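Read through the structure below, which is laid out as structure tokens, and then see the notes.
Throughout, read-outs are computed from the coordinates displayed, never taken from laboratory work. None of these values were measured; they are calculated from a predicted model. Positions of Cβ are generated from backbone atoms using ideal geometry, with glycine treated the same way; all protein chains shown enter the neighbour counts.
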Amino acid sequence: MPTIAIVGAGPGMGLAIARTFGSRGFDVALIARTKEKLETLAAQLGQEGITAVAFPADVLDRASLTDALDAAKARFGGIDVLEYSPAPHSPVPGVTLASPSEVTVDNLQPQIEYNFYGAVAAARAVLPAMREAGAGTLLFTTGGGSVDPVPMLGNVNAAAAALRNWVLNLNKELAVSGVYAAHVAINVWIGGGGPAGFPAATPEQIAPLYWDLYENRDRSEAVFNA
């Protein structure tokens, strides 16, 4: 069976993407910081008939991320789709928000480590085998600010835009290899509890976009708007 590895798996988008692919015959490797939460998600998916396994790792610890992806490859025999979308649901030490005029090297570097370098490390862990096989899909998620920046997220948007640029360029490089890379910009508040007047969508409304990119491979970027 094909396998999708979801880096940043959680009870929102990660679970919805896992269900979207799992219901279509994929095994699921769940990767995030907290083992207990991952095992809860894996058990939930298992009750729905989807094979899912937890592989704890921290995207800020690139060695642990590589090890987790290697373990997932060993468990499932390979990774056919990588989806990268870490989004902290609890404070991450050193990761703060800053407006453009407040951006410093010190508050930008952790965002680059979290959003960009982690994605590069994840891709490097799976790309050689995909190239050798002549098939594979790499999907990377950011907020809509990577395309249309938001002042309160000045440092986040800068790091996400760097990731976006790299993904679009990576897809150009891989064009004749059989491997496909795409960027997803989610330009809505995910779930409930968002700011008044800000557009929102559920993870279940957004997740089919990932399957469309995987199945059709006809664009290197998709922006989800309400």
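Can you run phi through the Karplus equation (6.51, -1.76, 1.60; θ = phi - 60°) for the stretch 45-61 and list ³J(HN,Hα) in whole Hz, with x for Gly and Pro?
Couplings: 5, x, 5, 9, x, 10, 7, 9, 10, 8, 9, x, 6, 10, 5, 7, 10 Hz.
In the chain, with Lys and Arg counted as +1 and Asp and Glu as -1 at Cβ, which of these residues, 174, 101, 155, has the Cα nearest the positive end of the dipole, that is, farthest along it?
Positive-end residue among those listed: 174.
What does the charge dipole of the chain about its Cα centre add up to, to the nearest 20 debye, if the Cβ of each Lys and Arg holds +1 and the Cβ of each Asp and Glu holds -1? Walk me through the numbers before you get to the answer.
On the way: 14 positive and 21 negative charges, 37 e Å.
Charge dipole, the chain, about its Cα centre: 180 debye, nearest 20.
What percent does the relative contact order of the chain come to when contacts are Cα pairs within less than 8 Å and at least six residues apart?
Details: 417 pairs, mean separation 41.4, N = 226.
This gives 18 percent for the chain.
Compute the long axis of helix 118-133 from its Cα atoms, compare it with the longest principal axis of the Cα atoms of the chain, and write down the angle in degrees, 0 to 90, nearest 10.
30 degrees
Under 5 Å between amide H atoms, partner at least 5 residues away or on a different chain: which partners does residue 180 have, H built in plane at 1.01 Å?
136, 137, 138
Can you tell me what share of the DSSP beta bridges in the chain is antiparallel? A percent to the nearest 5 is fine. Please list the in-between numbers first.
Details: 0 of 30 bridges.
So the antiparallel bridges in the chain amount to around 0 percent.
How many angstrom lie between the C-alpha centres of the stretch 162-226 and the stretch 105-133?
A separation of 17 Å, based on Cα centres.
Averaging sequence separations of C-alpha pairs under 8 Å and six or more residues apart, then dividing by the length of the stretch 125-226, give the relative contact order as a whole percent.
With pairs under 8 Å counted, the relative contact order is 30 percent.
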